[in-house]
Amino acid sequence: MKINSMKVAQLAGVSRSTVSRVINNYTNVPPETKEKVMKVIEELGYIPNSSAQVLAGKKSRTIGLFIYGDNNDKNRILDNGLSFGYYLDFINRVLKEALKQDYQLLVDVINDNSFSKIESLYANRDIVGGVFIGFKERDKNIERIVKQYTPVVLVDYTSDSNCEKEGIYYINTEDCNGAQKATEHLISLGRKNIIHISGDRDKLSGKERERGYLKAIENYGMIPMVYRGDYSDKKAKEIVQELLAKNVKFDGVFCANDNMSYCVNSILKENGITDIPIVGFDNLRNTIPLGIMSVAPDIRNLAKAAVGLLVDNKMEKSKITFVKTTLIKGLEEYIKESYLD
């Protein structure tokens, strides 16, 4: 049996327009009528069609959060959420901020072949706007979305200074500054041969974190030792195994994300090496407990800004927002800056 508002109206003994007023929480419906309609809705398990409500003039109260990833990323989420840790923490933060504003959150992992889903959501007004994170620089699909739809919030994506279109916002983490602080801390510990296992150079974060490492190394007149990790646990493991096999000397490690730092930590311990300090990036929940330092992006304010730019009309909105980073060296800083609050 097809369940729709007409069926609800028949069973409740009211008009279809009355059902619509109840669903949309209008105040001009008698309490006893509202109770009767809601009882039928509950019994039938009827879910109002959000698209129909939007077309009827009801504004969507759903925020889209779109994370770039291929099928391997989706499999990793299903098999082991930890490997997708930064995004899971970010989703948690955005969800909290959305709920504060009385909005729902729709989350999806998008690859190059699934952008049509996003376009449909915008075109049908199923979402009020979208937050995009993890995408490669100058992504053609992103550029197409930006040209057609607003509002759009792009996180850690190269800002377009020539983009004068209203409703396009950029939020960038101070990755370079954070990476420089991390490297300088290792230098302050007396380390002379610090390697950097880099992130994805096709993404702004990967480039900026490598740039921060290089600035610190060059400022102290040291020789850079950069190995391309692409944010991959597997590549980080292979890099360290190869360095150990070739007896390459290094006494400090800065990884572009925490997932890679976990692998480095594991390989070093397997080889009986416990005196090489490691700094990661993202401040995931296992860093300090594992004895690994990390750079913490201010995810709380990042999420607050992302949601506010989409739905808060009272908020003063800047085209580009920068989010601070903090070097986490111990438990007290970890608790203060982490998801634990």
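The values are calculated or read from the model by the stated rules, or taken from the named source; none is laboratory data. Values in this document were obtained by computation on a predicted structure and should not be read as measured data. Quick reminder, even Gly has a Cβ in these numbers, built from the backbone with ideal geometry, and neighbours come from all protein chains shown. Accessible surface areas use protein heavy atoms only, side chains included; no ligands, DNA or RNA. Shrake-Rupley method; radii C 1.70, N 1.55, O 1.52, S 1.80 Å.
Just checking, which of Gly252, Gly272 is in contact with a helix residue (DSSP H, G or I) (Cβ under 9 Å, 6 or more places away or on another chain) and at pLDDT 95 or above? So that I can check it myself, show each step before the final result.
Values: Gly272 fails: in contact with a helix residue (DSSP H, G or I) (Cβ under 9 Å, 6 or more places away or on another chain).
Answer to the check: Gly252.
If we scan the stretch 150-157, do we find a residue that is open to solvent by less than 30 Å² (accessible area, probe 1.4 Å), farther than 30 Å from Ile223 by Cβ, free of Cβ contacts under 8 Å to residues at least 40 places away in the same chain and in contact with a Phe, Trp or Tyr (Cβ under 9 Å, 6 or more places away or on another chain)?
Within the stretch 150-157, one or more residues are open to solvent by less than 30 Å² (accessible area, probe 1.4 Å), farther than 30 Å from Ile223 by Cβ, free of Cβ contacts under 8 Å to residues at least 40 places away in the same chain and in contact with a Phe, Trp or Tyr (Cβ under 9 Å, 6 or more places away or on another chain).
Of all residues in the stretch 284-307, which are within 15 Å of the chain's Cα centre (by Cα), in contact (Cβ under 8 Å) with a residue 24 or more places away in the chain and farther than 16 Å from His185 by Cα?
Correct list: Leu284, Pro297, Asp298, Ile299, Arg300, Leu302, Ala303, Lys304, Ala305, Ala306, Val307.
Select the helices (runs of 4 or more DSSP H) contained entirely in the stretch 167-248, then report the ones holding at least 2 residues which are among the basic types (Lys, Arg) and more than 30 Å from Ala305 (Cα to Cα).
The helices (runs of 4 or more DSSP H) meeting that bar are 233-245.
Pull out all pairs, ordered by first then second residue, where Cβ-Cβ is under 6 Å, the residues are six or more apart or on different chains, the first lies in the stretch 228-239 and is under 11 Å from Cys255 (Cβ atoms) and open to solvent by less than 80 Å² (accessible area, probe 1.4 Å), and the second is of a type in the set (Phe, Trp, Tyr) and not in a loop (DSSP other than H, G, I, E, B).
Pairs that qualify, where the first residue is under 11 Å from Cys255 (Cβ atoms) and open to solvent by less than 80 Å² (accessible area, probe 1.4 Å) and the partner is of a type in the set (Phe, Trp, Tyr) and not in a loop (DSSP other than H, G, I, E, B), are Ile239/Tyr227.
Which residue, of Glu166, Glu174, is over 30 Å from Val248 (Cα atoms), open to solvent by 40 Å² or more (accessible area, probe 1.4 Å) and within 17 Å of the chain's Cα centre (by Cα)?
Details: Glu166 fails: within 17 Å of the chain's Cα centre (by Cα).
Sole residue among the options that is over 30 Å from Val248 (Cα atoms), open to solvent by 40 Å² or more (accessible area, probe 1.4 Å) and within 17 Å of the chain's Cα centre (by Cα): Glu174.
Could you list, in sequence order, the residues of the stretch 85-101 that are charged (D, E, K, R) and buried (at least 17 other Cβ atoms within 10 Å of the Cβ)?
Within the stretch 85-101, Asp89, Arg93, Glu97 meet the criteria.
Just need a number here: residues in the stretch 281-318 that are modelled with pLDDT of 90 or more, among the charged types (D, E, K, R) and either outside any helix (DSSP H, G or I) or on the phi > 0 side of the Ramachandran plot (or both).
Result for the stretch 281-318: 2.
Considering every residue within the stretch 112-129, establish whether at least one is in contact with a Gly (Cβ under 7 Å, 6 or more places away or on another chain), touching a residue at least 40 places away in the same chain (Cβ under 8 Å) and part of a helix (DSSP H, G or I).
Taking every residue of the stretch 112-129 in turn, at least one turns out to be in contact with a Gly (Cβ under 7 Å, 6 or more places away or on another chain), touching a residue at least 40 places away in the same chain (Cβ under 8 Å) and part of a helix (DSSP H, G or I).
How many residues are surrounded by 24 or more Cβ atoms within 10 Å (Cβ to Cβ) and of a type in the set (A, V, I, L, M) when one looks only at the stretch 279-292?
Residues meeting the conditions: 2.
Working only within the stretch 130-145, note down all residues that are farther than 15 Å from Ile171 by Cα and either touching a Cys at 6+ places or on another chain (Cβ under 7 Å) or not in a helix (DSSP H, G or I) (or both).
The answer is Arg138, Asp139.
For the stretch 73-110: of the residues being part of a helix (DSSP H, G or I) and of a type in the set (Asp, Glu), which is modelled with the highest pLDDT?
Per the criteria, the residue is Glu97.
Go through (1) assigned to a helix (DSSP H, G or I); (2) modelled with pLDDT under 85; (3) open to solvent by less than 50 Å² (accessible area, probe 1.4 Å) for Ser20 and report which single condition fails.
(3)
Given the criteria under 21 Å from Asn172 (Cβ atoms) and at pLDDT 95 or above, does Lys246 qualify?
Here the answer is no, as Lys246 does not meet what is asked.
For the subset of the stretch 190-218 comprising residues that are out of contact with any helix residue (DSSP H, G or I) (no Cβ under 8 Å at 6 or more places or on another chain) and within 25 Å of Glu174 (Cβ to Cβ), which member is least open to solvent (accessible area, probe 1.4 Å)?
For the stretch 190-218, the residue satisfying everything is Gly206.
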